[in-house]
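The values are calculated or read from the model by the stated rules, or taken from the named source; none is laboratory data. Just so you know, these numbers come straight off a predicted model, no measurement behind them. Glycine gets a Cβ as well: all are built from the backbone with ideal geometry, and neighbour counts include every protein chain shown. Calculation scope for accessible area: heavy atoms of the full protein, side chains included, ligands and nucleic acids excluded. Shrake-Rupley method; radii C 1.70, N 1.55, O 1.52, S 1.80 Å.
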Amino acid sequence: MTVPSTYLQMFSTLNESGELCLELVEKPVPTPKANEVLVRIEATPINPSDQGVMFGWADISAASTSGNGSKSVLSAPVSEQGMRVMKARVGQALPVGNEGAGTVVATGDSELASSLQGKVVAVMGGSMYAQYRCVDAATCLPLHDGHSAKDGASCFVNPLTALSMIETMKMEGHSALVHTAAASNLGQMLVRICQADGVELVNIVRKEEQAKLLRDMGAKYVVNSSSDNFKAELTDAIHATGATLAFDATGGGTLASDILACMEAAASRTPGAYSIYGSVKHKQVYLYGNLDTSPTVLQRAYGMAWGVGGWLLPNFLAKAGTEVVARLRARVASELKTTFASHYTNEISLVEALDADTVRQYYAKHTGEKFLICSQK
């Protein structure tokens, strides 16, 4: 395979004028060092975490695209509040794209790097919305025979996040989970993992069709947050499972507080559990997403043994250590087309990812919709 001398890479820049620009920049193709490999990126997903860097606080409803082809530029205005929040990134061209997959087309001369020549690998490490990416060979996850780049494009963020939720549960002494936005690709993976591992899981969704989707997968506890009896139904599910740990993808509003209140209500059903300080068992909600950008509101009605905090996959993996990470990565590779299968509703090119109308489609983050960038299109 002939490797070109230059390639296109996507960057997001916030200008002092209050405008955010997303564009493709032509860069020289790097030569791999001893333990590096050059990957021809063929597929990379658009995750909510990617959009945080791509757009920040920009008003995508007012976005527009100028130019054509590889010279296309998406522009979107940023409010005064958004400029204050993103002050530290003004003038910086930030590369985007957390993960992807493709074929190794050149390597350094180390044994590990050389062994990956011609292999299809999955990669995580940023700067993935590009036609080529040079990375340390040790960060690559070689895919099994018969697995394509599209199969492996979402190998890391969703699979490792779902698996790490289970690891967090075990490390912190909990026995069951609550998960919001549960009909997402990640949520469906978590359902399959919990079924395989015998972990009780309470799934919170927003619509009845999402609830049906999960029930058809075999999910036992599915609660619709738009139901008039939401809190009572959530309390029943938490009482049945004993869940005292939740992962909330929405971030804003009162959902985290509602979950804690239902955990407390479930705990109070245990005879002799009453105390003016609430139940003794620690109840924890981790905010790992920001689907709701409004403030997180806590209406404290759940005693004193509780916590709300942020949870980020890279931070957890660094804490867990290399042995745990290796075990999780190996499981992802072996169950890529079953437990960790990802489904995409749209495939677009790097150029199409800058089209304002297309951006508004994937920015909407509709449950069950996932876009894949095919960088070589």
Heavy atoms only, probe 1.4 Å: what % of the accessible area of the range 187-283 goes to carbon and sulfur, would you let me know?
53
The chain - accessible surface per residue (Å², probe 1.4 Å):
44
Explain nothing, just the number: dipole magnitude of the chain about its Cα centre with +1 on each Lys and Arg Cβ and -1 on each Asp and Glu Cβ, in debye rounded to the nearest 20.
480
How many angstrom separate the Cα center of the range 202-237 from the Cα center of the range 269-331?
20
Rounded to the nearest percent, how much of the accessible area of the range 12-90 (1.4 Å probe, protein heavy atoms only) is carbon and sulfur?
50
Aspartates and glutamates within cross-link reach of LYS365: Cα-Cα under 20 Å, excluding same-chain residues under 8 positions apart?
ASP50, ASP59, GLU99, GLU208, GLU209, ASP248, ASP292, GLU347, GLU352, ASP355, ASP357
So which GluC sites (Glu not before Pro) in the range 61-165 end up in coil per DSSP with only 13 or fewer other C-beta atoms within 10 Å?
none
Note on the range 65-124: contact order normalised by length, alpha-carbon pairs under 8 Å, 6 or more apart, percent, works out to 25
Net charge within 14 Å of TYR362 by Cβ-Cβ distance, Lys/Arg positive one each and Asp/Glu negative one each, not counting TYR362 itself?
-3
Quick one: divide the alpha-carbon radius of gyration of the chain by 2.2 N^0.38 Å and tell me what you get.
1.05
Label point at GLN195 placed 7 Å out along Cα→Cβ; residues across the range 332-374 whose backbone nitrogen lies under 14 Å
338-341
Can you give the log10 of the normalised intensity I(q)/I(0) at q = 0.17, 0.23 Å⁻¹, computed with Debye over equal Cα scatterers of the range 1-96?
-0.83, -1.22
Rel. contact order, % - alpha carbon contacts under 8 angstrom, at least six apart, the range 1-44:
33
Rounded to 0.05, the calculated FRET efficiency for the beta carbons of LYS220 and GLU172 at R₀ = 22 Å is 0.45
Check: the range 203-262 dipole with +1 on Lys, Arg Cβ and -1 on Asp, Glu Cβ, in debye
100
